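One structure below.
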Amino acid sequence: MRYDAEHRGKTREKILREAASAIRARGPDGVGVAALMKQAGLTHGGFYAHFASKDDLVAQAIGVMFDDVRGRFDHETAERDPAAALDAYVGFYLSRRHRDSRERGCPIAALSTDMARLEPVSRERFGRGIAALTGWLAGALARLGVADADAAASAMLSEMVGALSLSRAVADPAQSDAILAHAAAAIRNRFGLGGGA
């Protein structure tokens, strides 16, 4: 049976969404093509009509993940002054909700340790995603009057990613919450943000 381009595009999007969620939750090595296609309600044989290989799927799923990052950033920062926008984004990023939603959360914290073992195309796409998020943060910091906003944004993102990763790694819920709270407070104090997330 032949499908039209619209159906094909929707099917591809469904596979990419399932892959993005599964890869964030289990890492690229924890996702098999057959299981992924079954999870998407599709047959294994249809995979290669959409992707050249699993590496191709992973690279494209990383792009989808960073599209989600952009959507979340826009949602948290829309129609807010720079301080309130950054405060809202820090509040989201360093929250229990984000920590506990690995399959829908930031791919940087979820996948950083996997990237060195992936193909260059995935690493390049991941690097572009990091650069884009850093740029969005830098834009807000520059509007706040922060000197060398690019460097400040890179450090801010590194601190948030590190705190989120550590909060997911520890077993003690109180320790996990404290990691998030301390990082959020440090960032807010450094940049004079409100802290009302």
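Of note:
- Of all the numbered requirements in (1) surrounded by fewer than 19 Cβ atoms within 10 Å (Cβ to Cβ); (2) outside any helix (DSSP H, G or I); (3) among the aromatic types (Phe, Trp, Tyr), Tyr48 misses one, and that requirement is (2).
- Some residue of the stretch 69-77 being at pLDDT below 95, charged (D, E, K, R) and farther than 15 Å from Leu133 by Cβ: no
- Subset of the stretch 51-72 [touching a Leu at 6+ places or on another chain (Cβ under 7 Å) and in a helix (DSSP H, G or I)]: Val58, Gln60, Ala61, Val64, Val69
- Verdict on Val170 being exposed (fewer than 15 other Cβ atoms within 10 Å of the Cβ) and within 28 Å of Ser21 (Cβ to Cβ): yes
- Residue in the stretch 183-192 that is crowded, with 20+ Cβ neighbours inside 10 Å, of a type in the set (Phe, Trp, Tyr), touching a residue at least 24 places away in the same chain (Cβ under 8 Å) and in contact with a Leu (Cβ under 9 Å, 6 or more places away or on another chain) present: no
- The listed residue being crowded, with 19+ Cβ neighbours inside 10 Å and either hydroxyl-bearing (Ser, Thr, Tyr) or in contact (Cβ under 8 Å) with a residue 60 or more places away in the chain (or both), out of Val31, Val58: Val58
- Helices (runs of 4 or more DSSP H) fully within the stretch 95-197 that include at least 2 residues being among the polar types (S, T, N, Q) and over 19 Å from the mean Cα position of the chain (by Cα): 173-191.
- Filter result (in contact (Cβ under 8 Å) with a residue 24 or more places away in the chain and surrounded by 18 or more Cβ atoms within 10 Å (Cβ to Cβ)) within the stretch 115-135: Leu118, Ser122, Arg125, Phe126, Gly129, Ile130, Leu133
- Complete set of residues in the stretch 12-28 that are of a type outside the set (Val, Ile, Thr) and surrounded by 19 or more Cβ atoms within 10 Å (Cβ to Cβ): Leu16, Glu18, Ala19, Ala20, Ser21, Ala22, Arg24, Pro28
Yes/no per residue for (1) buried (at least 21 other Cβ atoms within 10 Å of the Cβ); (2) farther than 19 Å from Ala169 by Cβ; (3) in contact with a helix residue (DSSP H, G or I) (Cβ under 7 Å, 6 or more places away or on another chain); (4) without any contact (Cβ under 8 Å) to a residue 40 or more places away in the chain:
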residue	(1), (2), (3), (4)
Glu79	no, yes, no, yes
Ala84	no, yes, no, no
Phe92	no, yes, yes, no
His98	yes, no, yes, no
Cys106	yes, no, yes, no
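The values are calculated or read from the model by the stated rules, or taken from the named source; none is laboratory data. Quantities reported herein were computed from a predicted structural model and do not represent experimental measurements. Here the Cβ is made from the backbone with ideal geometry for all residues, glycine too, and neighbour counts use every protein chain on show.
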